[in-house]
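Structure record follows, encoded as structure tokens.
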Amino acid sequence: MPHPRSRGVRRTVSGLATALLALAGPLALPASPAAAAAGQVSTVAYTAAEQTAALSYWTPARMKEAGRTVDLGATGPLTKTWTGKAIPSIGRLFFVNSRGEDSWCTASAVTSGNRSVIMTAAHCARVGSSSFNTFTDIVFAPGYAKGQTPYGRYAVKATMTPRSWVEDTVGDVAAMVVATPAYGKPLTDAVGAQKIAFGRAPGERVVSFGYPGTTPQRGEQLLYCVGTSAAAPQNEQRVPCDLGGGASGGPWLAGFDSATGKGTLVSVNSHGAGDGGSPMYGPNLDKTAQALYDTAQRG
């Protein structure tokens, strides 16, 4: 999910809520970013002014406040608190959803040509089956922990989702490009990066990370599950994991080394079982996912 916390005035919204981990609903009116779709990839770009506004909006205090009113039940028995070496390449992804509410997902920085790409779930960028229900004020906080943003905040300047997501809610994966702060370095120069692989078959031991809004953490700490992935219907994989809403978009890392905090991203958290429990499902990173990534690293 992200868990939404209403702020009321900035967006007019109506309609459905997704049944995914991100609680997102479609807009009644188009969002301000200009959207362009080419081939398999639908791109939404945010102006420099919109990026500045997003950073101004998502203060550290507002980030922490986003989870305080959340009640998603207790953290599940398969989910553990990460207490190892800090992993700055994984962070909370804050945004305003299509109902005009403060919300969040999880995202991770990956190796890329422009050193500025993060991967997450498509439902953390926009509502599926809609050409105009895009989210706004998107900010990535790498290494977020208990209200602290030790590696700064990065405004998202573009999102890339599958055209199949826009048209049919199929393919729950997204790439995003973050802007380099005027005072700092490109993202992966500052926080490092996870490797990324496409077309990997299930059957690997993976570690799934996220910032769920379950109690008592409520999005303030990085949590994880460990399990072996298995094939699932509809071009997905599954792993035994009960990370709750807010963990959407978090990486599935194969070959994860706890000493370095590095692995290879082979999927992302998409949705849980119907009752919110285990297993967790994630998309296969197929040729469409690679097209998203390739478009983003050229951005």
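A few points about this structure:
- DSSP bridge pairs, region 167-267: antiparallel proportion in percent, nearest 5: 90 percent
- Partners for K262 among aspartates and glutamates (Cα-Cα distance below 18 Å; same-chain residues under 8 apart left out): D189, E204
- Cross-link pairs exceeding 25 Å in C-alpha to C-alpha distance, out of K64/K85; K85/K157; K80/K157, comprise K85/K157; K80/K157.
- Of the residues G244, G143, G91, the one that moves most in a GNM of the chain with alpha-carbon contacts below 10 Å is G143.
- Label selected from [x] 1.55; [y] 0.87; [z] 1.08, the criterion being Cα Rg over 2.2 N^0.38 Å as computed here: [y]
- Radius of gyration (Cα atoms) of region 177-285, expressed as a multiple of 2.2 N^0.38 Å: 1.12.
- Tail weight of P(r) past 14 Å, computed on alpha-carbon pairs of region 84-169, percent: 64 percent
- Here the relative contact order of the chain, from alpha carbon pairs under 8 Å that lie six or more residues apart, stands at 23 percent.
- Among F132, S258, T180 - extreme Cα towards positive end, dipole of the chain, charges at beta-carbon: T180
- For M280, distant residues with modelled amide H under 5 Å away: V239, C241
- Computed in the context of the full set of protein chains, the accessible area of the chain at 1.4 Å probe radius has 53% of its extent on carbon or sulfur.
- Helix-only mean residue ellipticity at 222 nm for the chain, each DSSP H run of n ≥ 4 adding -39500 (n - 2.57), per residue, nearest 500: -3500 deg cm²/dmol
- When only the Cβ of Lys, Arg, Asp and Glu is charged (+1, +1, -1, -1), the dipole of the chain relative to its Cα centre reaches about 640 debye.
- Over the chain, accessible surface divided per residue gives 37 Å², non-protein components excluded, 1.4 Å probe.
- Set of aspartates and glutamates near K185 by C-alpha distance (under 15 Å), chain-local residues within fewer than 8 positions excluded: none
- Long-range HN-HN contacts of R200 with modeled amide H, under 5 Å: L285
The values are calculated or read from the model by the stated rules, or taken from the named source; none is laboratory data. All values reported here derive from a predicted model rather than from experimental measurement. Note: ideal-geometry Cβ built from the backbone for every residue, glycine included; neighbour counts use all protein chains shown. SASA here: full protein model, heavy atoms, side chains in, ligands and nucleic acids out. Shrake-Rupley method; radii C 1.70, N 1.55, O 1.52, S 1.80 Å.
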